[in-house]
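A short worksheet on the structure shown next.
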Amino acid sequence: MANAPTNDAPMRRVLVVGNAGAGKSTFARQLGSKLALPIIHMDSHFWGPGWQIPDAKAWREKLSALAASSAWVMDGNYINTFDIRMPRADTLVWLDLSRGICMRRVIVRTIIGYGRTRSDLAKGCPDRFDVDFLRYVWNFPRNQRPRVAAAIAQFGSHLRVTRFGCDRDAENFLAALGAH
C-alpha cells in the first residue's frame, strides 16, 4: 500500500508503526541511519521505571514536544496519539506483518532478553512474560489494524504511506534508499 502523495521530497519526519514484534525499532534504526535522522523510540519516552504509566496529560505534552522537532524517525503505535504525530509527519511506514511472525518474535525476544532492558525501552523496564501483552499482540490484526487505518484516513491524508507485509519488502525499501 502506497498512497498520497507520492513525491520526491525527502523524508524528514517518519512514523514507523505496526504490531509488537513486527520490527519497528530495528527498521527505525536502519532508516534513521540511512537518512541521518534522529530516532525516537516512543517506548523509551512513555514508560517509567518498573513499567509505570505516565500521567496522560504529561505524556501528550512530552510527545508534542518530541513531534515538534524538525526531523525524526519515530517508532511506536500509541494509537491515541496519532492526532499529535501524524499531522507533523511526512511519511508513515506500516510494518503489517502476520500475527504468527509477530508472536514468535515477541516470545523469542522475551526468552532471550528476560530480565534485561532493551535499548529501545526506558531504564528499569526489563523484558518479562506478560499474558495481557501477548493477548494484545495476538489480537492486534483484529483490534488495532482497523484503528491504524482509520487514523491514517483521519489525520494522515497528506502522508506518504508505505505498508510492508513481509521483511523482504522492508529490506528492499531500505536497500533502495542506499542506491540513490
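For a straight C-alpha distance cut-off of 15 angstrom, the aspartates and glutamates reachable from K123 (same-chain residues fewer than eight places away being disregarded) are D43. Choose one answer from A28, A56, A170: the residue with the largest mean-square fluctuation in a GNM of the chain with alpha-carbon springs under 10 Å. In this elastic network of the chain, the residue with the biggest mean-square fluctuation among A28, A56, A170 is A56. Solvent exposure of the stretch 1-143 amounts to 50 Å² per residue of accessible area, where only protein heavy atoms count and the probe is 1.4 Å. Note on the chain: with neighbouring protein chains present and a 1.4 Å probe, carbon and sulfur make up 56 percent of its accessible heavy-atom surface.
Where Lys and Arg each count +1 and Asp and Glu each count -1, what net charge lies around R109 among other residues with Cβ under 14 Å from its Cβ? Charge balance near R109 sits at +2.
A viscosity of 0.692 mPa s and a temperature of 37 °C, combined with the Kirkwood radius over Cα pairs in Stokes-Einstein, give a translational diffusion coefficient for the chain of 196 µm²/s. P(r) for the stretch 99-178, please, calculated from all Cα pair distances in 5 Å bins and given in %. All Cα pairs considered, the percentages come to 3, 12, 15, 16, 18, 20, 12, 4, 0.
The values are calculated or read from the model by the stated rules, or taken from the named source; none is laboratory data. Because the structure is predicted, anything quoted here is derived from the model rather than measured. When we count neighbours, we look across all protein chains shown, and the Cβ atoms used for this are built from the backbone with ideal geometry, even at glycine. Protein only, heavy atoms only, side chains kept; ligands, DNA and RNA dropped before computing areas. Shrake-Rupley method; radii C 1.70, N 1.55, O 1.52, S 1.80 Å.
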